Amino acid sequence: MGDRRRKAVLLVVDGLGDLPIPELDGQTPLEAARTPNLDRMAAAGLYGLVDPLQPGRIPNTDSGVGVLLGLAPEQADCLRRGPVEAAGAGRPLRPGEIAVRANFATLEAKPAGLLVRDRRAGRITEGTQALAAELDGLDLGDGVTTAFVPTDQHRGVLILSGPDLDPAISDTDPGDASGPAFLLVCEPLRPAAAASARRINAFIAEAHDRLPGHPVNRARAAVGKPPANGVITRGAGAWFEPDNVLVGRGLKAVTVAGCTTVRGLSRVLGWATLVQPSFTAALDTDLDGKVAAARGALADHDIVYVHVKAPDICAHDRMPLAKRDFLERFDRAIAPLGADGIIVALASDHTTDSNSGAHTADPIPALLFDPEEARNGPPVRFGESACRAGNLPRMRSAEFLGRVLARLES
């Protein structure tokens, strides 16, 4: 393999891709953004479209980011959001436990069931520790108890401990829809999981009983904010230890991120995350600080991942102009990387459509800038349209990562 002296930063921009937006004159937020640094690196390097998993398949954050972090693509379906969130929250699962990703949500009781008015309870950011404490340590019967850990904004993780738990259960989260939808009933996906499904349904009922009158929700109601009066769940799983391409090659990696999911993925895949209070999973994240941390980490690591979550949040909340503006901030922040003499790559986990607020199966824009192979190419306005005609053949994220790693080892 030789003496590896080359270094790389791989920028993972969550939800980077988008679809044409009427209020942006038919451009995507990336196409409408002023991104001179990305444009310059694309013109001097390689750029094109990448399918996170395979064409036509809609990825989620854990599988889409996981493959970029070195997860073997054939193991993507084994990676479940609950255990990843638990690892990111500093509570990796023990043998026999199962975990589900949880959202605080705004629910309304109807004769037909619980109507999900807001899957994110107005993206609640304050009081979640107190709400979570109300749901922590519940006895669900037959020796099964709960641990509930809040993570980013409305997000959290529910861990069930006890005998005879099986993660083969369905989601209760109805997902992003054009309007309110009813909470789904948790169902077993195999007979052995029937008791686990009943426990989840019991927990959800208990949460909706306990949370409406909580002081946090009384305070929210007083100022007109949607209450976090219930919990919705998805991504049930148990612990498993995946393979990792980077570890197999002897490469040393680190992640810079504020997102609990990505911190969990890094821990599951075998390395640490650099965190600071200013590194958030929201629009207020410290982009300059993340880039500075990445540049510093290159002294001791072969590859540094920098993850930003905000573009995905903007698209989910149908805020394409905010997504455009954040991408302009991001482009300004990465300017130092283009002059560091290192390999700079950019990719994403999935496309998130700002029109619908949902993930789509569309490929994502990607670029690979290697200063040792820089060319004097024609000007590029980096974005989805340019990448459709780019000089990088369409490939999967695992192949794109392979091209980055090959340059580290050259």
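Each value in this text was obtained by applying a stated rule to the coordinates, not by laboratory testing. Just so we're clear, the structure is a prediction, and the values are computed from it rather than from any experiment. Cβ coordinates were reconstructed from backbone atoms using ideal geometry, including for glycine residues, and neighbour counts include every protein chain displayed.
On a C-alpha basis, how far is the centre of the stretch 193-244 from the centre of the stretch 53-68 in Å? Whole number, if you could?
26 Å
Tilt of helix 320-333 relative to the longest C-alpha principal axis of the chain, in degrees (0 to 90, nearest 10)?
Relative to the chain, helix 320-333 is tipped by roughly 50 degrees.
Please give me the summed charge of the neighbours of Gly90: other residues whose Cβ is under 10 Å from its Cβ, Lys and Arg +1, Asp and Glu -1.
Charge balance in the 10 Å sphere: +3.
Sequence-distant or interchain residues sharing an amide H contact under 5 Å with Ile98, placed H: which?
Leu160
If one computes the Cα centroid of the stretch 263-337 and of the stretch 357-410, what distance in Å separates the two points?
Between the Cα centre of the stretch 263-337 and that of the stretch 357-410, the gap is 19 Å.
Straight-line reach from Lys323: which lysines fall under 30 Å, measuring Cα to Cα and dropping same-chain residues less than 8 apart?
Those lysines meeting the cut-off are Lys7, Lys225, Lys290, Lys309.
Just to verify a number: FRET efficiency for Arg318 and Arg375, C-beta to C-beta distance, R0 = 51 Å, to 0.05?
My answer for the efficiency is 0.85.
Using just the helices of the chain, give the 222 nm mean residue ellipticity in deg cm²/dmol: DSSP H runs with n ≥ 4 each add -39,500 (n - 2.57), and the total is spread over all residues, rounded to 500. Could you put the intermediate results ahead of the total?
Values: 14 runs with 125 residues, N = 410.
Computed ellipticity for the chain at 222 nm equals -8500 deg cm²/dmol.
Dipole size in debye (nearest 20) for the stretch 86-237 around its Cα centre, Lys and Arg Cβ +1, Asp and Glu Cβ -1?
In debye, rounded to 20, the stretch 86-237 gives about 420.
Can you sort Asp286, Asp173, Asp300 so the residue with the fewest Cβ neighbours within 10 Å comes first? Mind showing how you got there, number by number?
Numbers: Asp286 16, Asp173 21, Asp300 9.
Starting with the residue having the fewest Cβ neighbours, the order is Asp300, Asp286, Asp173.
Mind listing the phi-derived Karplus ³J(HN,Hα) values for the stretch 283-291, rounded to whole Hz, using 6.51, -1.76 and 1.60 with θ = phi - 60°, and x for any glycine or proline?
Coupling constants for the stretch 283-291: 5, 8, 4, 7, 5, 4, x, 5, 5 Hz.
Along the Cα→Cβ direction, 7 angstrom out, place labels at Glu409 and Ser356. What is the inter-label distance in nm?
For the pair Glu409/Ser356, the computed spacing is 3.9 nm.
In nm, to one decimal, how far is the Asp25 label point from the Arg210 one, both placed 7 Å along Cα→Cβ?
A separation of 5.4 nm, rounded to one decimal place.
What full-extension length gain, to one decimal in nm, is calculated for Asp142 and Glu108 as 0.36 nm per residue of separation minus the Cα-Cα distance?
Values: separation 34, 0.36 × 34 = 12.24 nm, distance 2.96 nm.
Between Asp142 and Glu108, full extension yields 9.3 nm more.
Give the percent of DSSP beta bridges with both residues in the chain that are antiparallel, rounded to the nearest 5.
65 percent
Provide Val231, Val12 in ascending order of the number of other Cβ atoms located within 10 Å of each residue's Cβ, fewest first.
Ordered from fewest to most neighbouring Cβ atoms within 10 Å, Val231, Val12 come out as Val12, Val231.
Note the listed values [x] 29.6; [y] 18.1; [z] 19.8, then indicate which one is mean projected area of the Cα convex hull in nm² calculated from this particular structure.
[z]
Per 5 Å bin, what is the whole-percent P(r) computed from every C-alpha pair distance within the stretch 86-196?
Here the calculated profile for the stretch 86-196 is 2, 11, 18, 22, 22, 17, 7, 1.
Taking only Cα atoms and a 10 Å spring cutoff, compute GNM fluctuations for the chain and point out the largest among Leu251, Leu49, Leu265.
Checking each option, the largest mean-square fluctuation is seen for Leu251.
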